[in-house]
Amino acid sequence: MFAEVPLFPEQASTTAQRVDALFFFLCAVCGTMAVLIAGLVLFFAFKYHRRAEDERTPRITGNNPLEWFWTITPLFVFLIMFLWGANIYTSVSLPPPDALEIFVVGKQWMWKIQHPSGQREINELHVPVDQPIKLTLTSEDVIHDFSVPAFRTKIDVIPGRYMQIWFQPTKTGRYHLFCSQYCGTSHANMVGSVYVLEREEFRQWLDSQAATGSLADQGRQLFLKFQCITCHSADASARAPVLEGLYGRIVPLKDGRTTVADDAYLRESILYPEAKIVQGWEPIMPTFKGQVEEEDLIKLLAFIKSLKPGQTPVRNEESLPPLDAPKVPPGGNPKPRQSVPTYQPQGKSNQP
Ligand code: HEC
Ligand SMILES: [Cu+2]
């Protein structure tokens, strides 16, 4: 039975070996010290035990060289552990610029994944091999923890925040995905699989999945649906700042501070617009908290991030058909419709 329980997960990412090396070092140091101390306790207990009723312990006033030795030596050993750990930590938190960004939303009790090209999955994550993958994660409810032991990837997923981690798979195959933070009744079911595919296979997989446009395209539709466009048009003299090229820029604020327009700032601007007011504008933007779900927020962000000069959509009102437009489309309707909605400037209606 125990033969099926792996003692150690596979090493399937570029960080796996580095994490394991540090782990074995920690185990070796702790193990050596534990054995050494336990051994010495036994040895001293035996060697120095009281042999006669009137035996007295000699007065020992200390040994400076010895004390220096056992203070400085552990200090160095701990510093090695710290620097080694900090080195691995920084390298897993700073994704390389060519990383493929995938979005993860944790929710009681599932993982919802969004690919930049619009494909979605639940409790499954398909990625290409030998490619750095950057995950941007958030939660819809409580704290979860995204953990793929084979990649030695593990990060808390916190509501209201974007967390980031990256990994580079080195082997194709299927690996376990866990939520490793107790998050409620069905926490144990919040598991899934990561499929690492050859690049070509991954492309085929993407093609085989239905996607209604890229994340940015879907975000564009939401931008129209939530009427952001009525204020954020392409006209800089309008009611709100133009959002083109905003991402990554330094934004001057009303109170004299500045901030970088990163993911967290965009998120805050939509959910808590009053938190940071852009210099030169009035705080008239309504909050979209409670209206925009986490997954939609990711799409809106993808849209704003991709928005280049000249790409702001045209406002709906500006594209109304002219008043004398034909009521029947060219080519004619097969059956005459009962009620054709017509534009009535006086506010009257011709509905029956
Ligand atoms: C009623 C008009 C209005 C609507 C609707 C509106 N906004 Fe705004 N928005 C503003 C104004 C005004 C500002 C600048 C003042 C501020 O920071 O709150 C702003 C600021 C922002 C900023 C920060 C801009 C910058 O230059 O730093 C973002 C991002 C943003 N809005 C996104 C959105 C999105 C997305 C929507 C739709 C879900 C939306 N807004 C809907 C008026 C609006
Ligand atoms: Cu969970």
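Values in this text are rule-based calculations from the coordinates and carry no lab data. All values derive from a computational prediction rather than experimental measurement. Virtual Cβ from ideal backbone geometry, glycine too; neighbours counted across all protein chains shown.
Of all the options 236, 45, 28, the one that moves most in a Gaussian network model of the chain with Cα springs shorter than 10 angstrom is 45.
Let me make sure I get this right: for region 72-121, a, b and c are the square roots of the gyration tensor eigenvalues over alpha carbons, sorted descending. Under 1.5 in a/c it's rounded, otherwise prolate if a/b > b/c, else oblate. Which is it? Oblate. By definition, a body whose alpha carbon gyration tensor gives a ≥ b ≥ c is oblate when a/c is 1.5 or more and a/b is not larger than b/c, and region 2-69 fits this oblate description.
Report the residue, chosen from 285, 33, 190, that carries the largest GNM mean-square fluctuation when the chain is represented by alpha-carbon nodes joined by springs under 10 Å. Highest fluctuation of the listed residues: 33. Each residue, residue 284 and residue 242, gets one label point 7 Å from its Cα in the Cβ direction; the gap between the two is 1.9 nm. Of all aspartates and glutamates in the structure, the ones whose alpha carbon falls short of 15 Å from that of residue 47, not counting any fewer than 8 places away in one chain, are 55. Relative contact order, whole percent, for region 179-318 stands at 30, derived from Cα pairs under 8 Å and 6 or more residues apart. Label-to-label distance, residue 311 versus residue 124, with points set 7 angstrom from Cα along the beta-carbon direction: 3.0 nm. For region 75-181, averaging the sequence separation of C-alpha pairs within contact (under 8 Å, six or more residues apart) and dividing by the residue count gives a relative contact order of 25 percent. Across the chain, C-alpha contacts under 8 Å between residues 6 or more apart give a mean separation that, scaled by the residue count, equals a relative contact order of 14 percent.
Rounded to the nearest 20 debye, the dipole magnitude of the chain is 360 debye, with +1 charges on Lys and Arg beta carbons, -1 on Asp and Glu beta carbons, and the Cα centre as origin. Annotation: extensible slack from residue 198 through residue 66 equals 41.7 nm (criterion: 0.36 nm per residue apart, minus Cα-Cα distance). Please go through the residue pairs 225/299; 112/305; 276/299; 134/308 and name each one whose alpha carbons sit more than 18 Å apart in this structure. Pairs exceeding the cut-off: 112/305; 276/299; 134/308.
Using a Gaussian network model of the chain whose springs link C-alpha atoms within less than 10 Å, name the residue from 47, 305, 225 with the highest mean-square fluctuation. With Cα springs under 10 Å in the chain, the top fluctuation among 47, 305, 225 is at 47.
The amide H of residue 14, built 1.01 Å from its N in the peptide plane, has 168, 170 as neighbours under 5 Å, considering only residues 5 or more places off or on other chains. The HN-Hα couplings worked out from phi for region 117-132 by the Karplus form 6.51 cos²θ - 1.76 cosθ + 1.60 (θ = phi - 60°) are 8, x, 5, 10, 9, 10, 6, 9, 9, 9, 9, x, 6, 6, 10, x Hz, whole numbers, x standing for Gly and Pro.
The angle between the Cα long axis of helix 294-306 and the main principal axis of the chain comes to about 70°, on a 0 to 90 degree scale. Between residue 87 and residue 26, the modelled labels are 1.6 nm apart [label points 7 Å from Cα along Cα→Cβ].
Computed from the Cβ-Cβ distance with R0 of 45 Å, the FRET efficiency linking residue 207 to residue 77 stands at 0.25. One chain, two ends: residue 291 and residue 5. Fully extended at 0.36 nm per residue, the span grows by 98.5 nm beyond their Cα-Cα distance. Which of rounded, prolate or oblate describes region 148-229 when judged by the alpha-carbon gyration tensor and an a/c cut-off of 1.5? Because a/c hits 1.5 or more and a/b fails to exceed b/c, region 148-229 counts as oblate. The HN-Hα couplings worked out from phi for region 25-34 by the Karplus form 6.51 cos²θ - 1.76 cosθ + 1.60 (θ = phi - 60°) are 4, 4, 4, 5, 5, 5, x, 4, 5, 4 Hz, whole numbers, x standing for Gly and Pro. Counted over the chain, the DSSP beta bridges are approximately 70% antiparallel. Given their separation in residues at 0.36 nm each and the Cα-Cα distance between them, residue 271 and residue 131 gain 47.1 nm when the chain is fully extended.
In sequence order, region 167-177 has phi-based couplings of 8, 10, x, 10, 9, 6, x, 10, 10, 6, 10 Hz under the Karplus curve 6.51 cos²θ - 1.76 cosθ + 1.60, θ = phi - 60°, and Gly or Pro positions carry x.
For residue 161, the residues whose modelled amide H falls within less than 5 Å of its own, excluding neighbours fewer than 5 places apart on the same chain, are 139.
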